Structure formats: C-alpha cells, structure tokens
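Asks: Below you will find the structure I want to go over with you.
The values are calculated or read from the model by the stated rules, or taken from the named source; none is laboratory data. Since we're looking at a predicted model, the values are computed, not measured. Here the Cβ positions follow ideal geometry from the backbone for every residue, glycine too, while neighbour counts run over all protein chains shown. We work out accessible area using only protein heavy atoms, side chains counted, and drop any ligands, DNA or RNA first. Shrake-Rupley method; radii C 1.70, N 1.55, O 1.52, S 1.80 Å.
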Amino acid sequence: MIVPPKLKPGDEIRVIAPAKSFKPSFTAKKKKLAEKRLAELGLKISYGKYLHEANEFETATIEHRIEDLHDAFADKNVKAILTVLGGTTSNQLLRYIDYKLIKNNPKILCGLSDITSLANALNTKSGLVTYSGPHFTVFGLPKQVEYTTDYFKKCFFDDDVIDIKPSK
C-alpha cells in the first residue's frame, strides 16, 4: 500500500470533476467560501481545466476528465486532489487511467459517493491509499462544516492517531 504524504501549510490542492461538473447551483459565493475555508487551512487551490464542462449527464467528456485526473497526478506542485461532486459516471474513466502514473506520483485523493469506484480502482490497480471524505463543494456550505473541517485537518495534516467522535 502506498500512503500519500500528509499536507503542510502552503501546499497546493487541485479540484477536479471526475464525475459531475460544477453545478450552476454551486454559486460564486459558495465557491469563495470553500476557497476561504481551505485557505484558512493554509492550502492553495488550483482547478482542473474542464471543471465546468457539462454534457447532458452534467459531466465533461471522458477524455477531458481523464486529462484533468492525469494532470493533477503528474503536477509535482499538487499534493492533494479534491473532487467537486459525486454523480454516476466516474466508472467510465477506469479503463483509461494510467495507473503507473498514479503509482509513481502518490497524493491524496478525497471524495465520496460515485468517486468510490474511482478510489477503489486507484487503490486496487496502483496500491494508492485513497480517502472517502468531503468534496470541495462541502466546504462551500453556509453552516455546519466545522466538524468536517476539523476531521479533514486531523486526517490530512496530522500524524497522530485520530479518535473519531460523533458530531454534536
């Protein structure tokens, strides 16, 4: 198993959409809030090229989603990858992934829902430990994000054992 390195303040994270693209309902105000919350953790944010491309399934083409995924793993400045949303289409990418690229450039991949098929494939085919956790859009929710942010920080920045307690 390949455990990706922990994050440090100043690290860059890349936001990509391997399933659903940015939705129109995710407003500029929510995006700014997500960026602000992640910046407060000391993170720099970059975005995949095809984040907003959307076809009738609210997703970019397979080729563009693969390009964004590969670019994120190949970019030495990127230390973690957050997905925008889940959806129903990340399984379309599995046969096109360069698993050797992933194995040779381990970094945190965090998402949930439909991203599970992608995460499981990366783990199985490259040995990379992946994480079921918040999408980028979660950080843009107007309230009740403190618990998620706290555990995001504990999981991805700290080396300590995490004692998970229920949210109040």
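Asks: So between residue 161 and residue 49, what do we pick up on full extension, going 0.36 nm a residue minus the alpha carbon distance?
Replies: Details: separation 112, 0.36 × 112 = 40.32 nm, distance 3.60 nm.
Answer, rounded to one decimal: 36.7 nm.
Asks: Now, a different point. Have a look at 128, 41, 52 and report the one farthest towards the positive end of the charge dipole of the chain, computed about the Cα centre with Cβ charges (Lys/Arg +1, Asp/Glu -1).
Replies: Of the listed residues, the answer is 41.
Asks: Run lengths n ≥ 4 of DSSP H only: what is the helix-derived mean residue ellipticity at 222 nm for the chain, with -39500 (n - 2.57) per run over all residues, to the nearest 500? The partial results should precede the final answer.
Replies: Numbers: 5 runs with 56 residues, N = 168.
Roughly -10000 deg cm²/dmol at 222 nm, from the helical runs in the chain.
Asks: Something else: Around residue 88, which amide H atoms from residues at least 5 apart in sequence, or from another chain, sit under 5 Å from its own amide H, with H modelled in the peptide plane?
Replies: 20
Asks: Calculate, in nm to one decimal, what residue 62 and residue 2 gain on full extension: separation in residues at 0.36 nm each, minus their alpha carbon distance.
Replies: Details: separation 60, 0.36 × 60 = 21.60 nm, distance 2.63 nm.
Answer, rounded to one decimal: 19.0 nm.
Asks: On to the next question. Residue by residue, what Karplus-based ³J(HN,Hα) values in Hz, rounded to whole numbers, does the range 79-95 have, using 6.51, -1.76 and 1.60 with θ = phi - 60° and x for Gly and Pro?
Replies: 3J(HN,Hα) across the range 79-95, in whole Hz: 10, 8, 10, 10, 8, 6, 8, x, x, 9, 10, 5, 4, 5, 7, 3, 6.
Asks: Sticking with this one: About the Cα centre, and with charges only on the beta carbon of Lys, Arg (+1) and Asp, Glu (-1), how big is the dipole of the chain? Nearest 20 debye, please. Display every interim value, and only then the final one.
Replies: Working: 26 positive and 20 negative charges, 66 e Å.
The calculated dipole for the chain is roughly 320 debye.
Asks: 5 Å is the cut-off here: which amide hydrogens, built 1.01 Å from N in the peptide plane, fall below it relative to residue 81, excluding neighbours closer than 5 in sequence?
Replies: 14, 108, 109, 110
Asks: Still on this model: Can you give the FRET efficiency for residue 123 and residue 29, using 1/(1 + (r/R0)^6), R0 = 30 Å, r = Cβ-Cβ distance, to the nearest 0.05?
Replies: Working: r = 35 Å, r/R0 = 1.17.
Result of the calculation: an efficiency of 0.30.
Asks: Excluding ligands and nucleic acids, what accessible area in Å² is computed for residue 103 using a 1.4 Å probe, to the nearest 10?
Replies: It works out to around 120 Å².
Asks: A further question follows. Using a probe radius of 1.4 Å on heavy atoms only, what accessible surface per residue do you get for the chain? Whole Å² is fine.
Replies: Numbers: 9030 Å² over 168 residues.
Using a 1.4 Å probe on heavy atoms only, each residue of the chain averages 54 Å².
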